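Engineer: Structure incoming, see below.
The values are calculated or read from the model by the stated rules, or taken from the named source; none is laboratory data. In this text, all values refer to a predicted model and were calculated from it rather than measured experimentally. Every residue, glycine as well, gets a Cβ built from its backbone with ideal geometry; the counts of neighbours run over all protein chains shown. Just so you know, the surface numbers come from the protein's heavy atoms only, side chains and all, with ligands and any DNA or RNA stripped out. Shrake-Rupley method; radii C 1.70, N 1.55, O 1.52, S 1.80 Å.
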Amino acid sequence: MAEDTVYMSTPDEFGRFGEFGGRFVPEALMPACLELEDAFLDAWSDREFLAEYRSVLADFAGRPTPITPLARLSERLGISVYAKREDLAHTGSHKINNVVGQTLLTVRMGKSRVIAETGAGQHGVATATAAARLGLACTIFMGEVDTKRQELNVFRMELLGATVVPVTSGSRTLKDAVNEAMREWVTCVEDTHYCLGSVMGPHPFPWMVREMQSIIGHEAARQLRDVRVGTPDYVVACVGGGSNAAGVFAGFANSSAQLIGVEAAGGAAVGHGSPGVLHGMRSLIMQDEFGQIEEAHSISAGLDYPGIGPEHAHLAASGRARYVEVGDEVIIDALRTLSELEGIIPALESAHAVAWLIREAGREIPLGSTVLLNMSGRGDKDVAQVLSILRSGS
Amino acid sequence: MKSLERHLRALRETGVKALVPYFMAGVTTDWVRHVEAAIAGGANAVEIGVPFSDPMMDGIVIQEAGLRSLANGTTLDSLCAEVAGLALGVPLIAMSYYNVFHHYGLAASARRLADSGIDGAIVPDLSPEEAEPWRDACHSVDVATVFLVAPSTPSERVTRIATMSEGFVYASARMAVTGRASDLGAAPRVVAAVREATDLPTFVGIGITTPEQAREAAQVADGVIVGSALVRTILDGASPADTEALVNSFRRALD
Ligand SMILES: Cc1ncc(COP(=O)(O)O)c(C=O)c1O
C-alpha cells in the first residue's frame with residue numbers, strides 16, 4: 001500500500017514528521033528498530049505480502065467494513081453523519097488491521113513470538129487473535145488497574161492462548177504497560193517482535209502502524225464516493241495514541257475535509273501537553289514542570305495515554321488537523337444516544353467522537369455539514385463498566 | 001579532551017581498575033553521605049541517578065528507588081544543589097532519561113551539571129542518531145556524554161558509538177534492563193568489540209552483582225559499574241557505613 005499512500009507523507013530518514021518522531025530507545029533495541037524498518041519497507045513493497053495482508057483482512061477480519069448513514073442521529077443534530085464501522089471488524093475494533101500486518105511481518109522476520117501492551121484490552125485481544133491464527137506465542141502487558149477495569153478482555157486474551165502480565169509499576173495503566181513491554185523486548189529481541197498498538201513509539205512504528213491502519217481511510221473515501229457523498233466536510237475520530245485517527249485521516253489528508261481528533265480531557269496531549277520524549281518518540285506529552293510524565297485519567301482505558309503519536313503532533317503543529325477535548329461527564333450520554341438512536345453501542349473511546357459531534361453540531365459544525373465519524377470500536381467490552389457507572393448514579 | 005576522560009585515562013595508566021557505583025539521588029535524605037561513603041570505600045567515580053517517572057531501561061530496584069526519590073521531591077535542580085561545592089575528589093556522572101534534560105532545556109541542563117561539578121552524563125534513551133542537539137549543548141561545557149554499546153550492537157555501530165562516546169564506553173553485559181544477575185553474560189565479547197574500535201576506557205555494567213563478578217569483568221575491562229546491588233541495600237535501610245563496607249568488598253576484589 002506504500003504506492004497508495006499519496007496523502008500523508010513518509011517520515012524523513014530519522015523517522016521524523018516535522019520536528020516530531022525519531023528514535024529514542026536504549027542501544028540494545030536500536031538494531032531491532034533498524035531491522036524492523038528494513039523488513040517493513042521490504043514487505044510493504046512486495047505484492048505477495050500485500051496480497052496476503054489484504055486477503056487476511058478480508059477473509060479473517062471481515063473487511064471492508066461498511067459505511068452506515070446515521071439517519072436518526074443526523075436528523076437530531078441537523079448534520080449528515082456517516083459512520084465508518086470499525087466496530088464490525090473482527091475482535092470489535094480497528095486494532096485488528098494493525099496486528100494482522102505486524103504478525104505477518106513477524107513471521108516474515110523469522111520470529112516466533114509477539115509481545116504487546118494494551119490499555120482497554122482491545123489491542124491485546126487483537127494481538128492474541130492474530131498470533132493464534134499464525135501459531136505465534138503471545139504475551140500481553142496490561143496495567144493492573146486496567147486488568148480490573150477490563151476483566152473480560154483479560155479472559156478473552158487467555159482463551160486465545162496468550163499470557164497476560166499485570167503491570168504493577170508506575171501508575172499501572174497504559175503508559176506503564178508500554179514501559180514494561182519495552183523492558184521485556186530488550187531481553188528477547190532475537191525471537192520476539194514488539195507488536196505496538198498505536199502510531200507511537202520509535203521509528204518505524206508510528207509510520208508503519210499508520211500505513212497498516214490507512215486502509216480505514218482509503219476504504220471510506222472510496223465508499224463515500226460510491227454513494228455520491230464525496231468528500232465530507234469533517235472527518236472525526238477519537239485519539240488515544242492516534243491509530244484509528246491516523247488511519248482514517250490518511251484517506252482524506254489531501255482533501256478539503258477538516259480533520260478533527262477528539263482527545264479525552266484527562267489525556268489530552270495536544271490540549272495540555274508540550275514537546276517531550278517518551279516511549280522512544282519526541283512528541284507532545286503531558287508532563288509536569290520537571291519533565292516527569294503525568295498520569296492520564298479517562299473513563300476509557302484506551303484513551304488513558306499521556307502522549308500522542310508524533311505524526312499527530314506534526315499535523316497539529318502544521319494546522320492540517322485539529323485536536324479537541326471532551327470530558328468524561330458527557331461520554332455515557334453520548335453512548336446512550338447512539339445506542340438508542342442508531343442501534344450501535346460504541347466503545348467508550350469512540351463515544352468521545354460522538355460526544356464532540358453532539359456538542360458542536362450547529363455550533364462549531366455548521367448545520368447541514370457532512371461528517372465522517374470513525375466508529376473505532378464496539379461497546380461490548382464496556383457494558384459492565386457503563387452499568388456500574390449508571391448504577392452508582394454518577 | 002574533557003576532564004572525565006583525562007581523569008579516567010590517567011587512572012588506567014596507574015593500573016587501577018575503575019569502580020563506579022551508582023546511587024539514586026534523593027532516594028534517602030542522606031544519599032550524599034552514601035556517595036561519600038562509597039568514595040571512602042574505594043570508588044573511582046560515581047554515577048548519580050536523576051529520577052524519571054518512566055525509566056524504560058531500569059529494572060524493579062532502580063524503578064523503586066526512582067519513585068521514592070520523586071516522592072521525596074527530587075529534581076535536577078535539587079540534586080545539583082546538593083552535590084555542588086562538595087569536594088569529592090572523584091568524577092560524578094549523571095544518569096538520566098532524555099526527557100528530564102529536554103524539558104529543562106539542553107543548554108541549561110548542560111550548564112547546570114557543569115556548574116555543579118558533574119563531569120559526565122549517561123542518557124540511555126538518547127541514541128547516537130538523536131544525540132546531536134545534546135552534544136552541541138555540551139560542546140562548550142565540561143560535561144562528557146557516555147554512550148552504551150549493547151550485546152546486540154553490530155560492529156559498524158560499535159565503531160560509530162565508540163567514536164562519539166566521551167570519557168569511557170559503557171559496555172552492557174547483557175540484553176536486559178538494570179538489575180541483578182548471576183553471571184557476566186556477554187561482557188567479554190562486548191568489551192572485545194569496543195576495544196577493536198577505540199582505546200577509550202571501557203567499563204562493564206548491567207547486572208554486576210557480586211565482587212567476584214566485578215573481578216571477572218575487570219579482567220577484560222578497565223572498570224565496572226555497580227548499581228542495583230548497592231541500591232537494593234539502601235532501599236532496605238543500609239547505612240552509609242554499610243555502603244562503605246559493601247563498596248570496599250568490590251574494591252578488594254578488583255585490586
Ligand atoms: C475502540 C478503541 N478506539 C480507540 C482506541 C484508542 O487508540 P488509537 O488512538 O490508537 O486509535 C482504542 C484503544 O484501545 C480502542 O480500543
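Engineer: Can you tell me which residue is surrounded by the fewest Cβ atoms within 10 Å (Cβ to Cβ) among those in the stretch A:239-269 that are away from the ligand (no atom under 12 Å from the Cβ) and of a type outside the set (Gly, Ala, Ser)? Give the derivation first.
Structural biologist: At the first step, the residues of the stretch A:239-269 found to be away from the ligand (no atom under 12 Å from the Cβ) are A:250-260, A:265-266, A:268.
Of the ones still in play, those that are also of a type outside the set (Gly, Ala, Ser) are A:252, A:254, A:258-260.
Details: A:252: 24, A:254: 12, A:258: 18, A:259: 20, A:260: 24.
Top of the filtered list is A:254.
Engineer: When the stretch B:140-154 is examined, which residues are found to be more than 12 Å from every other protein chain (Cβ to nearest Cβ), of a type outside the set (D, E, K, R) and part of a loop (DSSP other than H, G, I, E, B)? Full working, then the answer.
Structural biologist: Keep residues of the stretch B:140-154 that are more than 12 Å from every other protein chain (Cβ to nearest Cβ), which gives B:140-145.
From the residues that got through so far, the ones that are of a type outside the set (D, E, K, R) too are B:140-141, B:143-145.
Once the filter is applied, which keeps residues that are more than 12 Å from every other protein chain (Cβ to nearest Cβ), of a type outside the set (D, E, K, R) and part of a loop (DSSP other than H, G, I, E, B), the stretch B:140-154 yields B:140, B:141, B:143.
Engineer: Mind checking which residues of the stretch A:327-347 are in contact (Cβ under 8 Å) with a residue 60 or more places away in the chain and either within 16 Å of residue A:83 (Cα to Cα) or not assigned by TED's automatic domain parsing to the domain that holds residue A:300 (or both)? Break it down into steps so the answer makes sense when it comes.
Structural biologist: Of the stretch A:327-347, the ones in contact (Cβ under 8 Å) with a residue 60 or more places away in the chain are A:327-328, A:337-338, A:341-342, A:344, A:346-347.
Answer for the stretch A:327-347, where residues must be in contact (Cβ under 8 Å) with a residue 60 or more places away in the chain and either within 16 Å of residue A:83 (Cα to Cα) or not assigned by TED's automatic domain parsing to the domain that holds residue A:300 (or both): A:337, A:338, A:341, A:342, A:344, A:346, A:347.
Here is a yes/no grid of residues against (1) at pLDDT below 95; (2) touching an Asp or Glu at 6+ places or on another chain (Cβ under 9 Å); (3) not assigned by TED's automatic domain parsing to the domain that holds residue A:231:
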residue	(1), (2), (3)
A:2	yes, yes, yes
A:8	yes, yes, yes
A:22	no, yes, yes
A:30	no, yes, yes
A:34	no, no, yes
A:39	no, no, yes
A:44	no, yes, yes
A:47	no, no, yes
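Engineer: Now, a different point. Give the residues of the stretch A:362-386 that are open to solvent by less than 20 Å² (accessible area, probe 1.4 Å), within 16 Å of residue A:76 (Cβ to Cβ) and more than 20 Å from the chain's Cα centre (by Cα), sorted by residue number. Can you show your working first?
Structural biologist: Taking the stretch A:362-386 as the starting set, the residues that turn out to be open to solvent by less than 20 Å² (accessible area, probe 1.4 Å) are A:365, A:369, A:371-377, A:379, A:382, A:386.
Still in the list and also within 16 Å of residue A:76 (Cβ to Cβ): A:365, A:369, A:371, A:373.
Selection gives A:365, A:369.
Engineer: Restricting attention to the stretch B:76-100, which residues are buried (at least 21 other Cβ atoms within 10 Å of the Cβ) and either β-branched (Val, Ile, Thr) or facing another protein chain (nearest Cβ under 9 Å) (or both)?
Structural biologist: B:76, B:93, B:97, B:98, B:99, B:100
Engineer: Please give the number of the condition residue A:183 fails out of (1) within 15 Å of the ligand (Cβ to nearest atom); (2) among the basic types (Lys, Arg); (3) free of Cβ contacts under 8 Å to residues at least 12 places away in the same chain.
Structural biologist: The failed condition is (1).
Engineer: Can you go through A:309, A:280 and tell me which one is within 14 Å of the ligand (Cβ to nearest atom) and surrounded by 21 or more Cβ atoms within 10 Å (Cβ to Cβ)?
Structural biologist: On the way: A:280 fails: within 14 Å of the ligand (Cβ to nearest atom).
Step by step, each of A:309, A:280 is checked, and only A:309 is within 14 Å of the ligand (Cβ to nearest atom) and surrounded by 21 or more Cβ atoms within 10 Å (Cβ to Cβ).
Engineer: Name the pairs whose Cβ atoms lie under 7 Å apart, with the first residue in the stretch B:226-255 and under 25 Å from residue B:71 (Cβ atoms), the second aromatic (Phe, Trp, Tyr) and part of a helix (DSSP H, G or I), and 6 or more positions between them or separate chains?
Structural biologist: B:226/B:250
Engineer: Follow-up question, since we're still on this one. Of all the residues that make up the stretch B:52-75, how many are more than 8 Å from chain A (Cβ to nearest Cβ), assigned to a helix (DSSP H, G or I) and touching a residue at least 40 places away in the same chain (Cβ under 8 Å)?
Structural biologist: Matching residues across the stretch B:52-75 total 7.
Engineer: Now, a different point. Would you point out which residue out of A:231, A:192, A:173 is more than 16 Å from the ligand (Cβ to nearest atom) and either in the same structural domain as residue A:298 (by TED's automatic domain parsing) or open to solvent by 10 Å² or more (accessible area, probe 1.4 Å) (or both)? Working first, answer last.
Structural biologist: On the way: A:192 fails: either in the same structural domain as residue A:298 (by TED's automatic domain parsing) or open to solvent by 10 Å² or more (accessible area, probe 1.4 Å) (or both); A:173 fails: more than 16 Å from the ligand (Cβ to nearest atom).
Just one listed residue meets the conditions, A:231.
Engineer: OK, next. With B:137, B:218 as the choices, which residue is over 20 Å from residue B:1 (Cβ atoms), open to solvent by less than 20 Å² (accessible area, probe 1.4 Å) and more than 12 Å from every other protein chain (Cβ to nearest Cβ)?
Structural biologist: Working: B:137 fails: over 20 Å from residue B:1 (Cβ atoms).
It is B:218.
Engineer: Sort through B:167, B:207 and tell me the only one that's buried (at least 24 other Cβ atoms within 10 Å of the Cβ), farther than 18 Å from residue A:31 by Cβ, within 14 Å of another protein chain (Cβ to nearest Cβ) and within 14 Å of the chain's Cα centre (by Cα). Steps first, answer last, please.
Structural biologist: Details: B:167 fails: within 14 Å of another protein chain (Cβ to nearest Cβ).
Matching residue, one of B:167, B:207: B:207.
Engineer: Quick one: what pairs do we get from the stretch B:155-166, first residue touching a residue at least 40 places away in the same chain (Cβ under 8 Å) and closer than 11 Å to residue B:127 by Cα, second β-branched (Val, Ile, Thr) and crowded, with 20+ Cβ neighbours inside 10 Å, C-beta under 9 Å, 6+ apart or different chains?
Structural biologist: So the pair list comes out empty.
Engineer: Among the residues of the stretch A:24-50, write down those that are out of contact with any strand residue (DSSP E or B) (no Cβ under 8 Å at 6 or more places or on another chain), crowded, with 18+ Cβ neighbours inside 10 Å and not hydrophobic (A, V, I, L, M, F, W, C).
Structural biologist: A:37
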